[in-house]
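All of the numbers you see were taken from the coordinates with simple rules; none came from a lab. The structure presented is a predicted model; accordingly, all values stated were derived computationally and were not measured. Note that we place each Cβ from the backbone using ideal geometry, even for glycine, and neighbour counts take in every protein chain shown.
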């Protein structure tokens with residue numbers, strides 16, 4: 001009798017571990033590349049020199065940090081650009097909210113309020129779904145040739161984009 005109970009518990013634990021392994025692999029397994037060459041938000045692109053930020057958008061405020069500078073357009077909840085301390089190049093851009101008088105979008109014309117159908121139309125279906133602490137449900141595309149990822153926060157109930165994150169995953173570890 002004890003052997004049967006131990007066998008059942010062992011089978012259940014094995015099943016649980018296999019299930020957890022499949023979930024983990026889905027988040028780290030490589031996905032087919034989507035071209036993100038020359039991708040950016042507004043007039044800015046990844047690896048652009050930080051001097052271009054002030055050139056194109058003099059309204060940006062700046063905060064110095066050990067890892068690099070962080071530029072805020074309007075406020076810390078709208079459009080954030082992070083640069084690398086050593087190279088002085090843009091490594092991450094986060095578009096979190098619409099800004100009055102500005103039309104910040106990706107180079108393919110997608111931004112806050114775009115539909116998930118438009119995201120799939122422009123970037124394809126080779127994406128990874130993520131559930132994140134900061135932005136909730138996201139879809140993420142990657143380009144291993146440029147070491148870039150672009151993520152779109154998706155409100156599935158309203159079929160809309162809630163956030164856009166573009167970053168160089170080789171230089172910057174985005175804290176989803």
- Item | FRET efficiency, residue 76 to residue 144 (Cβ-Cβ, R0 25 Å, nearest 0.05) | 0.20
- Task: Find how much the distance from residue 108 to residue 126 grows on full extension, using 0.36 nm per residue of separation minus their present alpha carbon separation; answer in nm with one decimal.
- Result: 4.8 nm
- Item | Over the chain, relative contact order from alpha-carbon pairs under 8 Å, at least 6 apart, % | 20
- Message: Need one word for the chain: rounded, prolate or oblate. Basis is the Cα gyration tensor (sqrt eigenvalues a ≥ b ≥ c); a/c below 1.5 gives rounded, then a/b vs b/c decides.
- Response: prolate
- Applying 1/(1 + (r/R0)^6) with R0 = 41 Å to the Cβ-Cβ distance of residue 64 and residue 159, what FRET efficiency is obtained, to the nearest 0.05? 0.55
- Burial-style ranking of 111-118, 9-16, average other-beta-carbon count within 10 Å with highest first, yields 111-118, 9-16
- Order of 36, 17 - criterion: other Cβ atoms within 10 Å of each residue's Cβ, fewest first: 17, 36
- Message: If the elastic network links every pair of Cα atoms under 10 Å, which of 68, 153, 40 fluctuates the most in the Gaussian network model of the chain?
- Response: 68
- Quick one: angle between helix 2-28 and the longest Cα principal axis of the chain, in degrees between 0 and 90, rounded to 10, please. 20
- Item | Value of [θ]222 nm, deg cm²/dmol, for the chain, DSSP H segments ≥ 4, -39500 (n - 2.57) each, nearest 500 | -7500 deg cm²/dmol
